[in-house]
Amino acid sequence: MTNARQQTAAISISDRRDRAITLAPAVLVLAFGFLSPLINLAIESLKEFTPGRVGSVENAATTVQNYHELANQAFANVLLTTFWIGGVAALVGQLVAFPLAYFIVRRLSPRMRTLALGFLITLVLSSVLIKTYAIELTFGSVGILRPLLLTVGLSANSREYINIVVIAGLVHSIIPVATLTLMGAMQSIDPRLLDAAQSLGAPGWKAHLSITLPLSLPALVSSTLISLTFAISAFVIPMVLGRGRVLFMSNVIYTRFSDIANYPSGAAISLVMLATALAVISVITLAHAWKSRR
Amino acid sequence: MISAVEFQSVGKSFGETVALDNISFSVKPGETIALLGPSGCGKTTILRLIAGFERPDSGTITIGGKSMAGLKPYERNVGLLFQHYALFPHMTVEQNIGYGLRHRGHAAREIPARVAEMLDLVRLTGFGHRRPNELSGGQQQRVALARALATHPSLLLLDEPLSALDAKLRHELRTELKDVLAAVGSTAIVVTHDQEEAMSLGERIFVMSRGEIMQSGKPDDVYWRPKSRFVADFMGRTNWIRGSVVATDGSVSTFRSEFGWEFPVAASRDGAAMKDVCVRPESVEISSGTGRAGAIGMAGRVEDVVTLGAFRHVSVELSSGDRIISACANRPDISFEAGQEITISMPPQACVLFA
Amino acid sequence: MSTHSRTARSGDRVAGALAYGVVGLGLAFLAIPLAITCLMAFDARTFLGPLPPPALSLHWFERLASQADILSSLRTSLVLAVLTTILSVSIGTAAAVGLARGDFPGKGILTSAFLSPLIVPPVVIGFGLLLFLSKAGITNGMARLLLGHVIVTAPYCIRTGLASLLGADRRLTDAAMILGATERQAFWSITIPLMKTGIITGAIFAFAISMDDVSISLFLSDPSATTLPVTLVSNMRAAFDLTIAAAAVILMAVTVVLIVVLDRLVGFDNVVGQGLFRS
């Protein structure tokens with residue numbers, strides 16, 4: 001039966017009215033609380049900065065000055081820091097999440113699996129503040145992992161030490177989400193494929209390299225990119241763990257707001273950040289399109 | 001007499017696709033009709049129009065003499081057994097069966113008794129507190145039937161009622177469904193793509209194709225006297241023999257195949273135009289030896305035998321060169337082998353002429 | 001045994017040990033910092049000392065409870081989270097029903113638009129709202145926070161709502177209508193109960209996210225309405241002591257309660273099926 005077609009055609013006038021009623025609140029909230037602020041940000045980013053005002057002066061001159069000011073070494077460093085620390089954290093996160101997801105899906109009893117799921121979901125729903133604080137306690141002045149880092153020759157005050165702590169903070173948040181994302185893909189891999197590979201003479205680790213890894217590669221790619229988007233828009237983690245020495249783009253926006261009240265410049269950085277986030281997202285979309293074309 | 005359901009020149013299209021092309025028919029009160037056809041033939045559209053899920057583009061639909069124009073599904077007293085049942089997964093069996101009673105304004109204190117009565121009717125007493133996902137496919141089907149019948153609908157619609165069940169269960173439940181329909185005595189329309197289901201459940205069958213009713217009538221009429229090639233093929237296996245009518249004497253004509261085999265067939269009004277004969281395999285009688293060959297019989301040789309349990313399909317090459325398949329009962333005392341000499345014969349009334 | 005299979009076996013052993021090692025270290029890395037935080041919150045010392053605490057006491061909790069700003073911001077956070085949850089679930093569930101009702105032009109674009117706040121950095125949303133709401137003249141702190149939180153939580157409710165409607169066949173509402181229920185009755189007696197798992201999952205995510213948010217709230221809080229995480233962040237930056245560990249224990253307890261509710265009502269397996277985590 002052409003059921004799909006019939007159901008589409010079954011939409012009556014009352015359906016159309018119901019649809020308008022059900023969608024209207026979300027559309028209004030989205031338009032007022034999301035789209036308008038973003039458009040306003042774009043306009044604001046082109047306004048001349050007048051110190052000591054919330055927002056620009058009425059009829060302030062239009063200028064690209066705020067963007068031009070970003071073309072300096074300091075902001076380039078911020079951009080670079082955001083991406084390299086975020087990127088390393090995203091990759092380390094996958095390195096742990098991939099075997100962890102496989103372990104939970106294939107090696108645990110249903111009971112233990114539920115327990116592991118509960119643990120991961122608890123971590124996802126836990127406050128980023130708690131997690132950040134916990135990392136600070138673990139690596140901070142009295143932390144138990146501090147001696148470990150000190151013995152490999154890192155000074156507690158060095159830039160490297162702070163970088164590692166920030167990465168640890170990001171990874172702690174990335175692992176649960178990435179694991180849950182990868183578990184979906186792992187579940188859909190037929191376990192008999194591994195048996196088949198091994199019965200054809202491949203040792204276990206090679207079977208994984210030739211079966212599990214390629215089949216979950218699309219999921220791994222998007223999980224990495226999702227983690228990267230999370231990492232580069234992180235705010236609390238670099239703010240608390242970076243001790244003012246590791247600055248992400250979001251921290252600079254906040255500084256523009258709280259310390260020097262330069263809103264037009266904050267708006268310009270916001271737009272740069274939005275553009276980078278969208279760029280990463282569009283890579284995910286392209287990867288998906290590429291996956292479904294194959 | 002007022003028809004239980006009547007379609008007058010009903011048309012319905014979905015975009016470019018014509019689902020129903022100017023359909024007219026009527027169903028007598030208490031009658032069970034089977035709408036039979038391949039998917040996309042429009043049978044489900046008829047059902048959805050009667051239920052009120054769709055509105056016709058043209059024509060009128062009446063139920064019990066009352067026009068249904070503009071009436072919502074809940075304003076019609078129609079029961080519907082959905083394909084795959086559409087039981088409410090979050091309600092118990094009792095709540096499912098009582099749902100219609102609650103919404104059709106039955107007094108709350110009468111509902112439990114009616115639900116119990118329905119559970120008894122479908123032999124599921126004691127299952128009232130289960131959830132649909134705790135029931136087998138056959139039990140779910142019976143709950144769906146009880147739910148559809150609970151509100152005493154003037155008309156019961158059944159959409160592929162047995163298609164979700166496996167073959168053995170399907171046979172059992174077909175009989176049971178027939179008994180229940182007879183017991184409640186309501187008018188019923190069964191939609192199905194399975195000709196066995198249609199013939200066993202329907203007192204009349206409407207064979208549909210591409211939005212049109214190709215033929216309607218009693219199961220035997222439609223089966224033995226198909227009016228079109230489509231109906232002949234859709235209702236079951238057939239042998240097609242190409243040739244021409246060479247003589248007609250009263251109700252019997254003589255047909256001559258391309259290979260020169262002559263045999264008697266049921267006469268048709270415009271015999272001269274007829275180029276094909278359709279004969280069902282089970283009408284082709286087969287006996288060992290060539291002794292009975294003559295005016296009625298035709299000698300031949302067995303080419304192949306396929307055993308299907310209750311039946312055997314025997315492929316035969318006749319001495320004329322024609323090929324024909326015979327379906328005969330599978331018996332331990334009779335056997336056929338490839339190469340064996342046999343004789344076949346067919347009653348003239350089983351041989352239907354086509355242009 | 002052939003050399004080939006012997007090397008294959010030892011390769012397997014090394015790879016297996018490596019994989020288990022990573023899994024073990026990963027789980028330890030996830031769990032240990034949280035465990036340390038819980039332990040340190042009960043440290044009897046009045047200063048931040050090395051592990052393990054020599055004695056346990058509740059004095060950090062007492063100190064926390066004595067801070068007026070903590071208590072008032074906790075109240076703000078709870079009220080805000082409840083209001084956010086109610087609004088997001090209502091808006092999100094309605095939108096999911098609207099999106100699931102047949103195909104219509106622009107459906108795909110609208111769905112992406114509804115989910116787009118999830119891909120915009122929260123700091124950008126917070127900063128953008130701050131500028132826009134100041135311009136629009138909305139100065140009430142609670143209203144600003146509520147709008148900001150609904151923007152980022154409603155998409156979760158839409159997502160879980162849509163996922164739960166995938167299982168709800170259109171034929172079930174058809175069945176209800178042929179049994180005498182009006183569209184409205186069918187909606188409340190069939191559609192909404194079928195969306196239960198999605199609604200609950202969405203509600204718990206909305207509550208938890210609202211309770212935890214820092215990035216947006218930091219911009220929208222004002223002296224009249226400051227959320228608990230915002231207060232904690234500024235305390236953390238002012239002085240790093242263990243009152244925050246005590247607060248973390250309380251927040252973790254709230255999360256655990258939410259998780260238990262989630263498991264009882266929905267089940268973790270279903271949560272993963274709600275489309276919140278997908279590649």
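Tell me the label-point distance for the pair C:VAL14, C:THR111, using the 7 Å Cα-to-Cβ offset, in nm and rounded to one decimal.
Distance between the two pseudo-spin positions: 4.7 nm.
Which shape class, rounded, prolate or oblate, goes with chain C when its Cα gyration tensor gives a ≥ b ≥ c as root eigenvalues, a/c under 1.5 marks rounded, and past that a/b bigger than b/c marks prolate?
Oblate shape, in that a/c is at least 1.5 and b/c is the bigger or equal ratio.
Let a ≥ b ≥ c be the square roots of the eigenvalues of the Cα gyration tensor of chain A; is it rounded (a/c under 1.5), or, if not, prolate (a/b larger than b/c) or oblate?
oblate
Quick one: helix B:93-103 against the long Cα principal axis of chain B, what's the angle to the nearest 10°, folded into 0 to 90?
Approximately 70 degrees, to the nearest 10.
Can you work out ³J(HN,Hα) from phi for every residue in segment B:62-67, in order, using Karplus 6.51 cos²θ - 1.76 cosθ + 1.60 and θ = phi - 60°, giving whole Hz and x for Gly and Pro?
Karplus values, whole Hz, x for Gly and Pro: 10, 10, x, x, 9, 5.
For segment B:5-233, what is the Kirkwood hydrodynamic radius in Å, using each pair of distinct C-alpha atoms?
Here the Kirkwood hydrodynamic radius works out to 18.1 Å.
Filter chain A for me: DSSP H helices, axial length by Cα at least 24 angstrom, mean Kyte-Doolittle hydropathy not below 1.6. List them by residue number.
Membrane-span-like by this rule: A:213-232.
Rounded, prolate or oblate: which fits segment A:231-292, taking a ≥ b ≥ c as square roots of the Cα gyration tensor eigenvalues, rounded meaning a/c under 1.5, else prolate when a/b beats b/c?
oblate
Of all the C-alpha pairs in segment A:99-186, what % are more than 16 Å from each other?
Considering segment A:99-186, 60 percent of its Cα-Cα pairs are separated by more than 16 Å.
Springs between alpha-carbon atoms under 10 Å, Gaussian network over chain C: tell me which of C:ILE32, C:ILE216, C:ILE91 tops the mean-square fluctuations.
Of C:ILE32, C:ILE216, C:ILE91, the most mobile in the Gaussian network model is C:ILE32.
Based on alpha-carbon centroids, what's the gap between segment C:166-197 and segment B:57-93 in Å, whole number please?
About 14 Å separates the Cα centre of segment C:166-197 from the one of segment B:57-93.
Quick one: if you stick a label point 7 Å off each Cα along the C-beta vector at B:ALA167 and C:SER90, how many nm between them?
My value for the distance between the label points is 5.8 nm.
Quick check: Cα centre of segment A:173-200 to Cα centre of segment B:162-211, how many Å?
One Cα centre to the other: 45 Å.
Output the DSSP H helices from chain C with an along-axis C-alpha extent of no less than 18 Å and a mean Kyte-Doolittle hydropathy no less than 1.6.
What comes out of the filter, once short or polar helices are dropped, is C:122-136, C:243-265.
Among B:GLY70, C:VAL150, A:SER210, whose Cα sits farthest toward the positive end of the charge dipole of the protein assembly as shown (+1 at Cβ of Lys/Arg, -1 at Cβ of Asp/Glu, about the Cα centre)?
Ranked along the dipole, the leading option is C:VAL150.
Ranking request for peptides C:53-65, C:237-249, B:44-56: highest mean number of other beta-carbon atoms within 10 Å first, then the rest in descending order.
Ranking the peptides C:53-65, C:237-249, B:44-56 by packing returns B:44-56, C:237-249, C:53-65.
Would you please calculate the Kirkwood hydrodynamic radius of segment A:137-219 over all C-alpha pairs and express it in Å, rounded to one decimal?
It is 15.9 Å.
Calculate the mean, over all residues of peptide C:213-221, of how many other protein chain Cβ atoms lie within 10 angstrom of the residue's Cβ.
Counting other chains' Cβ atoms within 10 Å and averaging over C:213-221 gives 4.
Can you give the FRET efficiency for C:ARG264 and B:SER335, using 1/(1 + (r/R0)^6), R0 = 56 Å, r = Cβ-Cβ distance, to the nearest 0.05?
0.25
What is the magnitude of the charge dipole of the protein assembly as shown about its Cα centre, with +1 placed on the Cβ of each Lys and Arg, -1 on the Cβ of each Asp and Glu, and no other charges, expressed in debye to the nearest 20?
Charge dipole of the protein assembly as shown: 1420 debye, to the nearest 20.
Please give the direction-averaged projected area of the C-alpha convex hull for segment B:241-355, in square nanometres with one decimal. Intermediate values should be presented prior to the final figure.
Numbers: hull surface 27.5 nm².
The Cα convex hull of segment B:241-355, projected and averaged over all directions, gives 6.9 nm².
Give me the inter-chain shielding for B:276-285: mean count of other chain Cβ atoms within 10 Å, whole number please. Please report the intermediate quantities before stating the final value.
Values: counts 0, 0, 0, 0, 0, 0, 0, 0, 0, 0.
Mean partner shielding for this stretch: 0.
Would you mind telling me which residue in A:ARG16, A:ARG113, A:ARG146 has the biggest mean-square fluctuation in a Gaussian network model of chain A, where springs connect alpha carbons within a distance under 10 angstrom?
In this elastic network of chain A, the residue with the biggest mean-square fluctuation among A:ARG16, A:ARG113, A:ARG146 is A:ARG16.
Please quote Rg/Rh for segment A:147-294 to two decimal places, taking the Kirkwood radius as Rh and restricting both calculations to Cα atoms. Walk me through the intermediate numbers first.
Numbers: Rg = 20.6 Å, Rh = 18.5 Å.
Rounded to two decimals, Rg over Rh is 1.12.
Given B:LYS12/B:LYS72; B:LYS12/C:LYS107; B:LYS43/C:LYS196; B:LYS43/B:LYS72; B:LYS12/B:LYS66; B:LYS12/B:LYS43, which pairs have Cα atoms separated by over 23 Å?
Values: B:LYS12/B:LYS72 17 Å; B:LYS12/C:LYS107 26 Å; B:LYS43/C:LYS196 35 Å; B:LYS43/B:LYS72 20 Å; B:LYS12/B:LYS66 20 Å; B:LYS12/B:LYS43 12 Å.
Correct reply: B:LYS12/C:LYS107; B:LYS43/C:LYS196.
Lys/Arg Cβ at +1, Asp/Glu Cβ at -1, dipole of the protein assembly as shown taken about the Cα centre: which of B:ILE342, B:LEU181, A:VAL252 is farthest positive-ward?
A:VAL252
Quick one: plug the Kirkwood hydrodynamic radius of the protein assembly as shown (C-alpha pairs) into Stokes-Einstein at 25 °C, 0.890 mPa s, and report D in µm²/s.
It diffuses with D of about 73 µm²/s by this estimate.
Against the 2.2 N^0.38 Å scaling, with N counting residues, where does segment B:50-89 land? I'd like the Cα-based Rg ratio to two decimal places. Walk me through the numbers on the way to the answer.
Working: Rg = 11.9 Å, N = 40, 2.2 N^0.38 = 8.9 Å.
Taking N as the residue count of segment B:50-89, the ratio is 1.33.
What is the sum of charges around B:ALA329, taking Lys and Arg as +1, Asp and Glu as -1, for the other residues whose C-beta is under 13 Å from the C-beta of B:ALA329?
For residues surrounding B:ALA329, the net value is -1.
How crowded by other chains is C:51-59, given as the mean number of beta carbons from other chains within 10 Å of each beta carbon?
Per-residue shielding by partner chains comes out at 1.
Set the Förster radius R0 to 56 Å, insert the Cβ-Cβ distance between B:THR248 and B:HIS152 as r into 1/(1 + (r/R0)^6), and round the FRET efficiency to 0.05. Present the calculation step by step, with values, prior to reporting the outcome.
Values: r = 54 Å, r/R0 = 0.97.
Rounded to the nearest 0.05, the efficiency is 0.55.
Please work out the Cα convex hull volume for segment C:21-141 and give it in Å³ per residue. Please report the intermediate quantities before stating the final value.
Details: hull volume 27.3 nm³, N = 121.
Dividing the Cα hull volume of segment C:21-141 by its residue count gives 226 Å³.
Given segment C:103-224 reduced to its alpha-carbon atoms as identical point scatterers, what log10 I(q)/I(0) does the Debye formula return at q = 0.12, 0.17 Å⁻¹?
-0.59, -0.91
Can you tell me the equivalent ellipsoid semi-axes for segment B:52-184? Use √(5λ) from the Cα gyration tensor, largest first, whole Å.
25, 19, 14
Say the dipole of chain B comes from +1 at the beta carbon of Lys and Arg and -1 at that of Asp and Glu; which of B:THR44, B:ALA107, B:ILE286 then lies farthest toward its positive end?
Farthest towards the positive pole: B:ALA107.
Over the Cα atoms of segment B:1-89, each weighted equally, I'd like the Debye log10 I(q)/I(0) at q = 0.14, 0.21, 0.25 Å⁻¹, rounded to two decimals.
Scattering profile of segment B:1-89, log10 relative to I(0): -0.51, -1.14, -1.49.
Here, each number is a calculation from the coordinates, and none is a lab measurement. This structure is a prediction, so every number in the text was calculated from the model and none was measured. Cβ: placed from backbone, ideal geometry, glycine included. Neighbour counts: every protein chain shown.
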